[in-house]
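The block underneath contains the structure these notes are about, expressed in structure tokens.
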Amino acid sequence: MTIKAPKTVQTENWQGYKNPVWHKKDKKNVTILYNMIERRKSFFLRAYMERNGYNYVDLGDHVKEDVQFGREWGTRMQCNPIYFTAGAIIRNLLRIEKETGLSKEKIVNDYVFLGGGGQCGPCRYGMYPQEYMKVANSAGFKDFRFLIFNSDIIQDPPIPKEAAFQFDVGFKVNFMLSFILADFMHIAECALRPYAMDKEAALKTITQCEEMILETFKSKLYLFKLPGVLRKVGKILAAVPRKDIKLPQIFITGEIFANMAHNDGNYNLRRFIMDEGGEVLPGIFSQRGSYEGWRRIKEAERKIQYAASPKEKRYWQIYSFRQKISYNLVKKAYAWLEKAIDPKQFGGKSEMHDVAELAKIGDEHYNTLIFGGEGNIEIGEAIYYQDKIDGFVSVKPFGCMPSSGVSDGVQSKIIGMYPHLNFLSIETSGDNEVNILSRVSMMLFKAKQRMKEREMGVKPVVDASNLDIITTCRE
Ligand code: SF4
């Protein structure tokens, strides 16, 4: 009997898709569609687009429908962030087709997509760009062009010189500043939303501050002008009237997308907790940026140690040197702008952790050199925070391989050591919101009790065999 190939086989899936170059001569005829995990990061990146004369559409936040589009057009059994990010692309391409009446060929000609490659762990390396191309091609947008950078902010394979968009130093600096500025506005929301006398007025003030910062960032002299506008913004935010109340402190961690989406990608988790009477420690993306640099430096150290030739050793030494520059640059730029906005004056908690210290704390329970989805950092955070906060949420995307090992696996041991840690592990699948948020409400209820106990000086019970662990890792 001869076996026939099924009719539905898409051979491009196995042979690879084409990603044609967007040429400089077409720069003015093409529009960049882009988004960056959550609204504020893409909002500030508009400044770069405008200064450099690109036509662009900021796609903003992820929405619930993205996960459905991702599932419908994407490959089965992917993790939730792939569904959300690939789904947003196809949702928007189909929307543009419907709203403009343009043919699919014309859309392929007139638009490109810019975004991160999503490589948050070793598990799905390379899958994001392929998946983006898969959904676009499957929906009929044949050879749609993608500008996808990995966490080194380079496209792989490299973009040729004649391309209209380069991942050059200018873009890298602007991308870094965009996420730092977005962090400060997120810190402001975490500080004011639960405590403001008038929540809506406070949120409106934050939006006005975002506009002020963007206008300044659009200037060619932005490096000189940003500290000045941040000083003004800091004072405006400090003038927002606050209630004199105490709220339980909640810390959220987990895989980068699920932790930092601040939109439907994680059920708007931080906003939900704040609106239900908790204070949430901000999810600082710049810290994730510094983790990325630190992780790569560690990786390079190992490669240097085991290099098979002097040439290979030299390669990793140069790589390590470059990573140290970018690691320090993120920290220095963050500290420089933090000084200008001075988040303490409006109650903002902006301290970044020293990721090397966190790694040390967690290393005994989860090897620091296993770099999947920043798992070792999450263990360090749980130990560090066990006696400092009232609730600890570990967010894991549906289908996430490293996060399953950490949230459901190693963290069980940590809870055994620190039974008072009000720990909750949740899985973001894009749906099932009511169930997940009701579990979060239960955690918050316990957190309120825990806060009272802390105020009354009730000492937590700790497994005495683990008391030698250092818990002083704030910079
Ligand atoms: S770490 Fe998890 S969410 Fe991230 S790519 Fe890997 S499996 Fe997906």
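The values are calculated or read from the model by the stated rules, or taken from the named source; none is laboratory data. For clarity, every value in this text was computed on a predicted model and none was experimentally measured. Heads up, the Cβs are rebuilt from the backbone with ideal geometry, glycines too, and the neighbour counts pull from every protein chain shown. Surface areas here come from the heavy atoms of the whole protein model, side chains and all, with no ligands, DNA or RNA. Shrake-Rupley method; radii C 1.70, N 1.55, O 1.52, S 1.80 Å.
Somewhere in segment 233-244, is a residue within 30 Å of Met443 (Cα to Cα), open to solvent by less than 40 Å² (accessible area, probe 1.4 Å) and acidic (Asp, Glu)?
Checking segment 233-244: not a single residue is within 30 Å of Met443 (Cα to Cα), open to solvent by less than 40 Å² (accessible area, probe 1.4 Å) and acidic (Asp, Glu).
Filter segment 73-91 down to residues that are buried (at least 24 other Cβ atoms within 10 Å of the Cβ) and more than 16 Å from the chain's Cα centre (by Cα) and give me whichever is farthest from Lys104 (Cα to Cα).
Gly87
So which pairs qualify, if the first residue must be in segment 122-146 and within 16 Å of the ligand (Cβ to nearest atom), the second must be basic (Lys, Arg) and modelled with pLDDT under 95, the Cβ gap must be under 9 Å, and the two must be at least 6 apart or on different chains?
From segment 122-146, the pairs are Glu131/Arg124.
Taking Val406, is it at pLDDT 90 or above and β-branched (Val, Ile, Thr)?
Criteria not met by Val406.
Working only within segment 389-411, note down all residues that are aromatic (Phe, Trp, Tyr) and either more than 11 Å from Leu424 (Cα to Cα) or part of a helix (DSSP H, G or I) (or both).
The one that is aromatic (Phe, Trp, Tyr) and either more than 11 Å from Leu424 (Cα to Cα) or part of a helix (DSSP H, G or I) (or both): Phe398.
Name every residue in segment 418-446 that is more than 30 Å from Cys79 (Cα to Cα), part of a helix (DSSP H, G or I) and of a type outside the set (Lys, Arg), in order of residue number.
Phe445
Got at least one residue in segment 271-291 being closer than 24 Å to Thr85 by Cα, among the aliphatic types (A, V, I, L, M), open to solvent by less than 20 Å² (accessible area, probe 1.4 Å) and touching an Asp or Glu at 6+ places or on another chain (Cβ under 9 Å)?
Among the residues of segment 271-291, at least one is closer than 24 Å to Thr85 by Cα, among the aliphatic types (A, V, I, L, M), open to solvent by less than 20 Å² (accessible area, probe 1.4 Å) and touching an Asp or Glu at 6+ places or on another chain (Cβ under 9 Å), which makes the answer yes.
Ile370: within 16 Å of the ligand (Cβ to nearest atom) and surrounded by fewer than 19 Cβ atoms within 10 Å (Cβ to Cβ), yes or no?
The answer is yes for Ile370.
Every residue in segment 165-185 that is open to solvent by 10 Å² or more (accessible area, probe 1.4 Å), more than 16 Å from Ser290 (Cβ to Cβ) and in contact (Cβ under 8 Å) with a residue 24 or more places away in the chain, please.
Gly170
Hey, among Ile341, Ile377, Ile318, Ile383, which residue is away from the ligand (no atom under 16 Å from the Cβ) and under 29 Å from Lys446 (Cβ atoms)?
Testing whether each residue is away from the ligand (no atom under 16 Å from the Cβ) and under 29 Å from Lys446 (Cβ atoms) leaves just Ile383.
Scanning for something open to solvent by 10 Å² or more (accessible area, probe 1.4 Å), β-branched (Val, Ile, Thr), more than 18 Å from the chain's Cα centre (by Cα) and more than 16 Å from the ligand (Cβ to nearest atom), does segment 97-114 turn up at least one residue?
yes
Could you grab me the full set of residues in segment 30-77 that are assigned to a loop (DSSP other than H, G, I, E, B) and more than 17 Å from Arg95 (Cβ to Cβ)?
Val30, Met36, Ile37, Glu38, Asn52, Gly53, Tyr54, Gly74, Thr75, Arg76, Met77 - these are the residues of segment 30-77 that are assigned to a loop (DSSP other than H, G, I, E, B) and more than 17 Å from Arg95 (Cβ to Cβ).
List pairs: first residue in segment 56-80 and in contact (Cβ under 8 Å) with a residue 12 or more places away in the chain, second residue among the aromatic types (Phe, Trp, Tyr) and open to solvent by 50 Å² or more (accessible area, probe 1.4 Å) anywhere in the structure, Cβ distance under 7 angstrom, at least six positions apart or on different chains.
What qualifies is Cys79/Phe398; Asn80/Phe398.
Restricted to segment 59-72, and to residues that are acidic (Asp, Glu) and more than 15 Å from the chain's Cα centre (by Cα), which residue is surrounded by the most Cβ atoms within 10 Å (Cβ to Cβ)?
So, considering only residues that are acidic (Asp, Glu) and more than 15 Å from the chain's Cα centre (by Cα), the one surrounded by the most Cβ atoms within 10 Å (Cβ to Cβ) is Asp66.
More than 16 Å from the ligand (Cβ to nearest atom) and modelled with pLDDT of 85 or more: does that describe Gln449?
So Gln449 fits the description; yes.
Go through Ser441, Ser394 for me and flag whichever is touching a helix residue (DSSP H, G or I) at 6+ places or on another chain (Cβ under 9 Å) and either hydrophobic (A, V, I, L, M, F, W, C) or under 21 Å from Ile284 (Cβ atoms) (or both).
Ser394
Residue by residue through segment 390-404, note down the ones that are near the ligand (Cβ under 10 Å from one of its atoms) and closer than 23 Å to Pro419 by Cβ.
The answer is Lys396, Ser403, Ser404.
Out of Gly405, Gly430, which single residue is farther than 27 Å from Ala335 by Cα and surrounded by fewer than 20 Cβ atoms within 10 Å (Cβ to Cβ)?
Gly405
Being surrounded by 17 or more Cβ atoms within 10 Å (Cβ to Cβ) and touching a Lys or Arg at 6+ places or on another chain (Cβ under 8 Å) is true for just one of Asn19, Asn35, Asn55. Which residue is that?
Asn19
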